[in-house]
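Let me begin by presenting the structure, written as structure tokens, before commenting on it.
The values are calculated or read from the model by the stated rules, or taken from the named source; none is laboratory data. The structure displayed is predicted, hence computed values, not measured ones. As a convention, Cβ positions derive from the backbone with ideal geometry for all residues, glycine included, and neighbour counts pool all protein chains shown.
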Amino acid sequence: MEFSSKLIEKAVGEMSQLPGIGKRTALRLVLHLLKQPKEQTGFLTQALMNMREDIKYCVNCHNISDSATCEICANKNRNHQLVCVVEDIRDVMAIENTAQFRGVYHVLGGKISPIDGIGPSQLNINSLVEKVKLGSVSEVIFALSSTMEGDTTNFYIYKQIAEVDIMISTIARGIAVGDELEYADEVTLGRSILQRVPFEKTFRSN
């Protein structure tokens, strides 16, 4: 792709590094921004800078937050003994959109994936185990994607907390095997939360 301006070329190169954005889409977005008033581009730039500099991670659940404690953890009307374990913020948003879950979350920040060099120590697993062992949790719900990495992560955490006398469940397989949680429709995801099953049943039947 030939550019008549090095500034445009640089902007397109940076924009095309975003997920799902190819060079042609990046060029279209850059040219769109170029046509907008300068202050509009300034608002976008400032919003991105503020997000990058001021974003925090909740001290309780590791969810993205504007303050030390996220709004979900700070909500006294939520059931803080019911903890839903998810991979990242996108899964929190997907489950919240179903309006079927009134507990709190624990965001792992990924899944165990040896092929990608991601082990348990690189995820927020220890803080979950500590939380469970302190006795403040009555049920842990595994809501990771039904992939090999997701199942591996579920089983690893299960082994860490199995000795504690709590309910350990997983979302029902209304979510197709191999699917990412964030792409499930709200009705299916909501039902899978409500119809969750004991985690032990998912591997003892195999």
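Look at Cys70 and say whether it is of a type outside the set (A, V, I, L, M), out of contact with any Lys or Arg (no Cβ under 9 Å at 6 or more places or on another chain) and surrounded by 15 or more Cβ atoms within 10 Å (Cβ to Cβ).
Details: of a type outside the set (A, V, I, L, M): yes; out of contact with any Lys or Arg (no Cβ under 9 Å at 6 or more places or on another chain): no; surrounded by 15 or more Cβ atoms within 10 Å (Cβ to Cβ): yes.
Spelling it out, it is not the case that Cys70 is of a type outside the set (A, V, I, L, M), out of contact with any Lys or Arg (no Cβ under 9 Å at 6 or more places or on another chain) and surrounded by 15 or more Cβ atoms within 10 Å (Cβ to Cβ).
Just to be sure before I move on: is Asp179 at pLDDT below 90, of a type in the set (Asp, Glu) and closer than 22 Å to Thr98 by Cα in the structure I sent? I'd like the intermediate steps shown before the answer.
Values: at pLDDT below 90: yes; of a type in the set (Asp, Glu): yes; closer than 22 Å to Thr98 by Cα: yes.
Judged against the criteria, Asp179 is a match.
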| field | Spans of helices (runs of 4 or more DSSP H) in the range 1-116 with at least 2 residues under 24 Å from Lys131 (Cα atoms), of a type in the set (Asp, Glu) and out of contact with any strand residue (DSSP E or B) (no Cβ under 6 Å at 6 or more places or on another chain) | value | 89-96
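Conditions tested, residue by residue: (1) of a type outside the set (D, E, K, R); (2) modelled with pLDDT under 90; (3) over 13 Å from Cys84 (Cα atoms).
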{"site": "Phe142", "(1), (2), (3)": "yes, no, no"}
{"site": "Thr147", "(1), (2), (3)": "yes, yes, yes"}
{"site": "Phe155", "(1), (2), (3)": "yes, no, yes"}
{"site": "Gly174", "(1), (2), (3)": "yes, yes, yes"}
{"site": "Tyr183", "(1), (2), (3)": "yes, yes, yes"}
{"site": "Thr188", "(1), (2), (3)": "yes, yes, yes"}
{"site": "Gln195", "(1), (2), (3)": "yes, yes, yes"}
{"site": "Glu200", "(1), (2), (3)": "no, yes, yes"}
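Could you pull out the residue among Thr25, Thr69, Thr45 that is under 30 Å from Met1 (Cα atoms), at pLDDT 95 or above and over 16 Å from the mean Cα position of the chain (by Cα)? Let's see the steps before the verdict.
Numbers: Thr69 fails: under 30 Å from Met1 (Cα atoms); Thr45 fails: at pLDDT 95 or above.
After ruling out the rest, the residue left standing is Thr25.
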